[in-house]
Amino acid sequence: MMQVQAWNRQANKKYEGLRKAIEDVRIALEEAAKLHSKIGAVKASEWRVPTKDQIVGAHKKAEQQLHVLRESTKKWEKELTSRGWRV
């Protein structure tokens, strides 16, 4: 019984770590979104720089993917913690 409890604690710690990491990324994306208004026009140079539209598009895609990941972790929470992440 003690071993099962230890596995459960370890699985819950891993799950909480995953949730915290997802929240940290969400916060970073929020902060990055504030910088979109400061993006200026791209000047001709030897460097390849993405346009503002490309950056905003990539940001939206990242937010959508993070949302899917967050919803998946909620859906699979009981499964992940009960099986010790052996899915």
task = Check segment 42-61 and report whether any residue there is open to solvent by less than 100 Å² (accessible area, probe 1.4 Å), modelled with pLDDT of 90 or more and under 25 Å from GLU77 (Cβ atoms).
result = no
task = Might you check whether a residue that is loosely packed, with under 13 Cβ neighbours inside 10 Å, at pLDDT 80 or above, out of contact with any helix residue (DSSP H, G or I) (no Cβ under 9 Å at 6 or more places or on another chain) and not in a helix (DSSP H, G or I) occurs anywhere in segment 64-86?
result = no
key: Flag if LEU18 is open to solvent by less than 60 Å² (accessible area, probe 1.4 Å), hydrophobic (A, V, I, L, M, F, W, C) and part of a helix (DSSP H, G or I)   = yes
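The values are calculated or read from the model by the stated rules, or taken from the named source; none is laboratory data. These numbers were taken from a predicted model, which means no experiment stands behind them. Note that each Cβ is placed from the backbone with ideal geometry, even for glycine, and that neighbours are counted across all protein chains shown. For accessibility, only protein heavy atoms count, side chains too; no ligands or nucleic acids. Shrake-Rupley method; radii C 1.70, N 1.55, O 1.52, S 1.80 Å.
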